[in-house]
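Structure first, then comments.
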Amino acid sequence: MNTKNFFFILALFGMLASEISAQNVLITSIGNPNEPSIMMDPNNPQILVAGSNLNYCYTSQDGGAHWQTQTMNSTHGVWGDPVIDVDIHGNFYFFHLSNPATGNWVDRIVCQKSSDNGLTWSNGSYAGLNGKKVQDKHWSIIDRNNNNIYITWTQFDEYGSLNPSDSSTILFSKSLDAGLSWSTPKRINKFAGDCRDGDNTVEGAVPAIGPNGEIYVCWAGPQGLVFNRSLDQGESWLDREILIGPFPNGWAYDIPGISRCNGLPITKCDLSGGANHGTIYVNWSDQRNGLSDTDIWLAKSTDGGNSWSAPIRVNDDDTQNQQFLTWMDVDQTNGNLYFVFYDRRNYSDLRTDVYMAYSSDGGEHFINKKISETPFIPNDGIFFGDYTNIVAHNNIVRPIWTRLNVGHLSLLTDITPIEDLLAIDELDENVIEDVKQYPNPISNNISYVSFKLHSPSVIRLEIFDQQGKVIHTIINNEKMGYGKYIIPINLEELNLPTGTYYHKLSVDDTSKSLKTMVVK
């Protein structure tokens, strides 16, 4: 290495990682919005469309920095449960429940289409109309090989009925003509549920596409978490349900401050061509660890859904506090996993943060980051919705969530670059202070990380890249006593190529990252 041509620059929005903050963007605070959905056009990730209850649509042309709001209208009625999708040509689809002037409340799943990035919408087509039966809790997926659109949802014989002869089922329909028409729904579950909209109702059917056009879907109900698949574009399905696992304490549970909550599953599949190509993921939350200790979970299958891993906990806190209302996405350019959920790990009361979890190794390890700038306190007298949402493509990640502020709901997203998000950490100042890296700029091959410990602690110092992969460990979980430390780092020995890196200092269970750029 030529030391005359080497310099090491610390570039961190003002020197230290603690000065990086999440870049939250307010989408709207009008109309008490909740239950948000968001989608980006992978052909142009600057284009985003979102929706919320009951009938709001939001569009952004600059990656989520600025938003426009409109009200959705259709002769079929617009009655909540927004789901946004986009096809291979950049057409957006807004799926929602119905409330038609001539018909019955939520008697069909409506699909409205936009060919101008969400500025204008068609009147809409629909699927599932079946007399007075209620069609609810739908989700969609679009096969990017053939542009087929698939939707799955729950049909109630009579919503809320206590009659044991009334049941709930999971239905499937598809459109082969870009949303103009829909196939006759097929029932894809073997075991029906009740109609109470609770633990023994079958709900949470979110479809995913496999690497060869397979359709995968999981849902929750009296049998637990179950899975089915189709290998022929939904024409036929397994005549049995594959059990992923039980749903301890049920999918409909209580969270203090939330009027109602659920742990319904989300199904995704890795189509990236990477190391985990074809892996199916199911993400949910449950209270197996106690009613006051809701956690976020992930199970995965590498054999088309025939067998499933044991549940993997996504939230990495050591508390017994609540994490709830999760959603996930797979970045199909690299296979990275992203999760968004509400989190109370930092408090002993109802204050609530929003966290994002990230995995670059197929869910074997997770990095958790707080992405909300300030906590909020929900109110169980205000309906909060049934889900959050998140979309990711080519390392661009856009979560969306509801928060409560002074009695009013609002929608937020976050536009922090993922490489900056990885550098957001906080250390317990009662244990450590004066974390620095110097000199800046560096004129030789030696850099230094210094810090002062107030009590004996376990220290780990490592260097990782923008994808969160550790490339060198300098201190490996060593017990270090009270005092000030100066740790030299020989850059010549590491031979790092030009790029952005992070020095991560972990002290017991907290950490701080210093964002650095190596230039040769």
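The values are calculated or read from the model by the stated rules, or taken from the named source; none is laboratory data. The shown structure was predicted, so the numbers you read here are calculated from the model rather than taken from an experiment. A quick note on method: Cβ atoms are made from the backbone with ideal geometry, for glycine too, and the neighbour counts reach across all protein chains shown. Calculation scope for accessible area: heavy atoms of the full protein, side chains included, ligands and nucleic acids excluded. Shrake-Rupley method; radii C 1.70, N 1.55, O 1.52, S 1.80 Å.
Odds and ends about this structure:
- Prolate/oblate/rounded call for region 158-241, Cα gyration tensor, a/c under 1.5 rounded: prolate
- Accessible surface of region 229-275 [probe 1.4 Å, protein heavy atoms]: carbon and sulfur percent: 49 percent
- Ordering L231, N262, V282 by the projection of their Cα atoms onto the charge dipole of region 205-352, which places +1 on the Cβ of Lys and Arg and -1 on the Cβ of Asp and Glu, puts N262 at the extreme positive end.
- Ranked packing of 289-298, 61-70, most packed first, by mean Cβ within 10 Å: 289-298, 61-70
- Summing charges over all other residues whose Cβ lies under 14 Å from the Cβ of R288, with Lys and Arg as +1 and Asp and Glu as -1, gives -3.
- Protein accessible area in region 335-417, 1.4 Å probe - carbon and sulfur %: 48 percent
- Simple rule: put +1 on each Lys or Arg Cβ and -1 on each Asp or Glu Cβ in region 325-482, find the dipole, and look at T473, F376, N395; the Cα lying farthest toward the positive end is T473.
- Reachable aspartates and glutamates, given that their alpha-carbon falls under 18 Å from the alpha-carbon of K133 and they are not under 8 places away in the same chain: D81, D107, D157, E158, D166, D194, D197, E203
- Among the listed values (i) 43, 24, 22; (ii) 43, 32, 20; (iii) 34, 27, 21, the one matching semi-axes √(5λ) of the Cα gyration tensor in Å as calculated from this structure is (i).
- Across region 196-208, coupling constants 3J(HN,Hα) worked out from phi with the 6.51/-1.76/1.60 Karplus curve, θ = phi - 60°, read 7, 6, x, 3, 9, 9, 7, 8, x, 7, 10, x, 9 Hz, and Gly and Pro carry x.
- Annotation for region 458-506: chymotrypsin sites (Phe, Trp or Tyr not before Pro) lying in DSSP loop with at most 13 further Cβ atoms inside 10 Å of their Cβ are Y482.
- Straight-distance candidates among the aspartates and glutamates for linking to K186, with alpha-carbon spacing under 12 Å and chain neighbours fewer than 8 residues away dropped: E235.
- 1.4 Å probe accessible area per residue over the chain, in Å²: 39 Å²
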